[in-house]
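Peer 1: Okay, handing you the structure first.
The values are calculated or read from the model by the stated rules, or taken from the named source; none is laboratory data. The structure displayed is predicted, hence computed values, not measured ones. Neighbour counts are summed over all protein chains in view; Cβ atoms, including those assigned to glycine, are modelled from backbone coordinates with ideal geometry. Calculation scope for accessible area: heavy atoms of the full protein, side chains included, ligands and nucleic acids excluded. Shrake-Rupley method; radii C 1.70, N 1.55, O 1.52, S 1.80 Å.
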Amino acid sequence: MRTCRGLPVGGTSRAAAHLSSSRSPVMMAASLSHKTRAMRLSQYPIQTTKETPAEAEIVSHQLMLRAGLIRRLSSGLYSWLPMGLRTLRKAEAIIREEMNRAGALELLMPVVQPAELWQESGRWKEYGPELLRLKDRHQRDFVAGPTHEEVITDIARRELKSYRQLPVNFYQVQTKFRDEIRPRFGVMRAREFIMKDAYSFHADAASLEQGYRLMHEAYTRIFTRMGLQFRAVKADSGPIGGDVSQEFHVLAASGEDAIVFSDADEYAANMEAAAALPPREPRPAPRESLARIATPGAKTIEALAGLLKIEPSRCLKTLLVEGEGENEVVALLVRGDHELNATKAQRLPGVASPFRMADAERIQRATGAQVGYIGPLGLKCRIYADHAALAVADFVCGANEKDMHLTGVNWDRDVQGYVAADIRNVVEGDPSPSGKGALKLARGIEVGHIFQLGRKYSEKMHAAVLDESGQEVTVHMGCYGIGVTRVVAAAIEQNHDERGILWPEPLAPFKVVLVALGQQKSAEVRERAERLYAELTGAGIEVLFDDRDARPGVKFADAELLGIPHRLVVAERGLAAGRLEYRHRRDSESVEFPVDEALAFLKDRLGR
RNA sequence: CGGGGCAUGGCGCAGUCUGGUAGCGCAUCUGCUUUGGGAGCAGAGGGUCGGGAGUUCGAAUCUCCCUGCCCCGACCA
């Protein structure tokens with residue numbers, strides 16, 4: 001008996017058998033809880049709220065708090081209450097099934113990792129304050145893992161010796177910690193979160209590509225099964241050339257990321273990676289002559305265009321960024337109505353990495369002017385001009401003197417020594433880089449990212465196997481992440497109405513909510529509801545039984561807030577006519593059907 | 001990191017300017033009534049007013065320090 005807490009299997013099942021003879025609903029619920037198939041709301045201690053907590057900004061965060069799925073412990077740290085955890089587990093289960101189906105092997109790595117591994121990979125220095133560093137009692141350095149490339153590569157170099165063991169894909173579902181500058185939106189951008197991360201190892205690049213494609217397919221199945229509208233988009237490949245990377249975005253207006261896609265084919269990319277094609281039409285011939293004009297106070301394109309009564313697209317913005325050398329700057333020119341794309345700019349020769357705008361002092365030194373009046377004429381630094389900017393004739397730009405601009409400026413005639421480059425964000429309507437159709441913009445929530453890492457970590461950490469000829473070859477790696485906690489929030493962001501959550505059925509904490517109305521008064525309602533609860537539960541259906549002594553309005557409102565897909569109502573009114581009432585969460589009308597057909601009726605509707 | 005704001009019962013807030021010993025709604029508990037869309041009445045419990053120091057006869061309120069949280073910004077020319 002003294003070990004009863006350590007006997008989860010034998011202990012509980014015997015207890016359950018004993019308890020099942022009891023009539024106590026508490027004990028019933030307890031005996032069922034380890035199967036998590038059913039739950040009585042009268043035994044569920046968490047409450048929903050009518051009022052929206054002040055801290056929540058976006059819909060998913062508000063609804064998750066109101067429905068009692070999560071509670072905030074501290075900035076960026078959340079507890080998952082039972083109802084929320086059920087959904088989280090649903091998401092995990094789907095991910096596990098599809099990862100396993102794709103041949104990946106689950107393992108589990110520590111959250112806390114020794115600093116040595118991170119020093120070895122170089123990321124101890126590269127990673128900024130986002131990396132939470134810890135010391136143990138011996139003053140040894142550790143990190144709270146924001147990701148697990150180092151640990152998995154360490155495992156790989158110890159366990160993998162032969163090409164015959166490849167390819168292999170290890171994955172885990174594990175808590176990560178990233179000390180975000182600004183956690184927000186609840187679990188959408190939390191500091192601690194759950195991620196499924198997978199890492200594949202290959203003998204050569206061709207095998208890596210194949211493994212990558214396999215993961216692409218698995219991710220597509222995962223998000224499809226979750227009932228989400230999503231898109232895989234090309235992502236920025238970063239400073240490591242040749243590597244391939246794609247992000248999976250759940251489409252939602254509140255998404256933090258801009259994604260673009262062609263309206264005519266499969267092309268899709270995030271804003272950083274979307275290429276802007278050079279305009280087809282050649283630049284018109286110069287018609288105006290160069291002139292200096294006074295433009296007092298016109299420090300912005302908007303003000304300048306307004307003052308001169310011209311389109312912003314006739315003005316060119318000159319942006320100064322820090323160069324690689326000491327005190328060097330680089331000038332970047334984009335059309336007045338376009339935005340600079342920092343990711344693209346950072347890749348240009350001569351531009352400092354990480355990318356930084358030049359400060360006022362450097363600008364003064366390089367141009368003799370201040371922000372708002374900078375132009376390319378007479379600059380003694382590298383000049384990059386965006387393709388679209390190069391297509392403008394007779395443009396307006398800063399004169400490198402306060403309150404002065406130049407008009408009638410023309411490339412080659414007035415400005416030389418520039419290099420053409422793609423350095424702007426695409427805009428809606430730009431031609432697709434795929435050559436087909438025009439680009440459209442949308443907002444997305446990044447829930448997955450797949451990446452062909454190549455040999456970045458395996459080289460530094462010496463993960464190698466022997467090939468057929470006995471030669472040592474450095475392994476190729478891929479890595480593949482899914483933000484599990486974020487997926488749950490994203491699902492709500494995409495599926496809700498003014499009354500609450502509209503769970504896609506595969507993620508719903510329960511499939512069916514059984515609402516008993518007036519059971520305190522009516523023995524018939526009470527008995528019928530109990531029988532239905534037992535019948536549906538026995539048939540393996542996940543049922544949330546609202547057996548509370550509450551008014552109908554309260555029960556309906558909670559059922560809708562919680563977003564349970566199927567609602568069954570047992571009430572005196574219907575029973576008198578031998579009928580039950582059914583409504584799907586997405587329907588606006590209820591339908592009635594004979595009492596005895598409940599199971600068949602529901603089975604027909606489940607999973608539709 | 002810079003700027004702004006907030007901190008009063010579980011949640012949402014008022015009270016702070018003008019100092020006098022804490023209040024409203026929701027939630028919770030009890031009783032009665034009510035029961036198809038977040039009930040009504042009557043009663044009850046619950047707050048070191050974020051923490052510390054100070055000013056004062058007296059501080060939620062004024063002053064200073066600290067802490068926590070929220071929002072905005074960090075691609076602007």
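Peer 1: If I model a spin label at A:Ser75 and A:Glu326 as a point 7 Å from the Cα along the Cα→Cβ vector, what separation in nanometres do I get?
Peer 2: According to this spin-label approximation, the distance is 3.7 nm.
Peer 1: Could you state the accessible area per residue of region A:291-421 in Å², with a 1.4 Å probe and every protein chain left in place?
Peer 2: Per-residue accessible area for region A:291-421 comes out at 45 Å².
Peer 1: Using a Cα-Cα cut-off of under 14 Å, which aspartates and glutamates could be cross-linked to A:Lys436, ignoring same-chain neighbours fewer than 8 residues away?
Peer 2: Cross-link targets: A:Asp263, A:Asp265, A:Glu266.
Peer 1: While we're looking at this one, here's another question. Lysines near A:Lys511 by alpha-carbon distance under 28 Å, same-chain residues fewer than 8 away left out - which ones?
Peer 2: A:Lys35, A:Lys50, A:Lys90, A:Lys196, A:Lys521, A:Lys555, A:Lys603
Peer 1: So how do A:456-462, A:162-168 stack up, highest first, on mean other-Cβ count within 10 Å?
Peer 2: Top to bottom by mean Cβ count within 10 Å: A:456-462, A:162-168.
Peer 1: Within the accessible area of region A:482-521, what % is carbon and sulfur when the probe is 1.4 Å and the other protein chains stay in place? Don't skip to the answer; put the middle values down first.
Peer 2: Values: 520 of 1090 Å².
Solvent-exposed carbon and sulfur of region A:482-521 make up 48 percent of the total.
Peer 1: Within 10 Å of each candidate Cβ there may be at most 11 other Cβ atoms; applying that plus a DSSP loop requirement, which trypsin sites (Lys or Arg not before Pro) in region A:298-388 survive?
Peer 2: Working: sites: A:Lys299, A:Lys309, A:Arg314, A:Lys317, A:Arg335, A:Lys344, A:Arg347, A:Arg356, A:Arg362, A:Arg365, A:Lys380, A:Arg382; in loops: A:Lys299, A:Lys309, A:Arg347, A:Arg356, A:Lys380.
Passing sites in region A:298-388 are A:Lys309, A:Lys380.
Peer 1: Report the extension gain between A:Asp141 and A:Val591 in nm, rounded to one decimal, defined as 0.36 nm multiplied by the number of residues separating them, less their alpha carbon distance.
Peer 2: On the way: separation 450, 0.36 × 450 = 162.00 nm, distance 6.30 nm.
Fully extending the segment from A:Asp141 to A:Val591 adds 155.7 nm.
Peer 1: Follow-up. Tell me the relative contact order for chain A as a rounded percent, counting alpha carbon contacts under 8 Å between residues six or more apart. Don't skip to the end; give the middle numbers.
Peer 2: On the way: 1231 pairs, mean separation 98.4, N = 608.
16 percent.
Peer 1: A further question follows. Mind jotting down the distance between the C-alpha centroids of region A:583-599 and region A:145-160, whole Å?
Peer 2: Answer, in whole Å: 52.
Peer 1: Same structure, new question: So for chain A: antiparallel DSSP bridges make up what percent, rounded to the nearest 5?
Peer 2: Numbers: 88 of 114 bridges.
The antiparallel fraction comes to roughly 75 percent.
Peer 1: Then there is this: Quick one: if you stick a label point 7 Å off each Cα along the C-beta vector at A:Ser353 and A:Asp604, how many nm between them?
Peer 2: My value for the distance between the label points is 6.2 nm.
Peer 1: For chain A, what is the calculated [θ] at 222 nm in deg cm²/dmol (nearest 500), taking -39500 (n - 2.57) for each run of four or more DSSP H residues and dividing by its residue count?
Peer 2: Working: 18 runs with 173 residues, N = 608.
That comes out to -8000 deg cm²/dmol.
Peer 1: For a quick protection proxy, order the peptides A:129-140, A:38-49 by their average other-Cβ count within 10 Å, most packed first.
Peer 2: My ranking of the peptides, most packed first, is A:38-49, A:129-140.
Peer 1: For region A:523-608, what does the accessible surface come to per residue with a 1.4 Å probe? Please give it in Å². Each step should come with its number before you reach the end.
Peer 2: Values: 4220 Å² over 86 residues.
The answer is 49 Å² per residue.
Peer 1: Given a Förster distance of 22 Å, report the FRET efficiency between A:Ala264 and A:Glu217 from their Cβ-Cβ distance, rounded to the nearest 0.05. Please report the intermediate quantities before stating the final value.
Peer 2: Details: r = 24 Å, r/R0 = 1.08.
So the FRET efficiency works out to roughly 0.40.
Peer 1: Please identify the DSSP H helices in chain A that span no less than 18 Å along the helix axis (Cα) and have a mean Kyte-Doolittle hydropathy of -1.0 or more.
Peer 2: Working: long enough: A:82-101 (28 Å, -0.73); A:205-225 (30 Å, -0.49); A:523-538 (22 Å, -0.79).
Helices passing the filter in chain A: A:82-101, A:205-225, A:523-538.
Peer 1: Calculate the length of the line joining the C-alpha centroid of region A:381-432 to that of region A:229-306, in whole Å.
Peer 2: Here the answer is 15 Å between Cα centres.
Peer 1: Go ahead and run the numbers for FRET between A:Val554 and A:Arg225, Cβ-Cβ distance against an R0 of 56 Å, rounding to 0.05.
Peer 2: Numbers: r = 33 Å, r/R0 = 0.60.
My answer for the efficiency is 0.95.
Peer 1: Now, a different point. On the protein heavy atoms, probe 1.4 angstrom, tell me the percent of accessible surface of region A:291-421 carried by carbon and sulfur. If you can, show how the numbers build up before the last one.
Peer 2: Values: 2930 of 5870 Å².
In region A:291-421, the share of accessible area belonging to carbon and sulfur is 50 percent.
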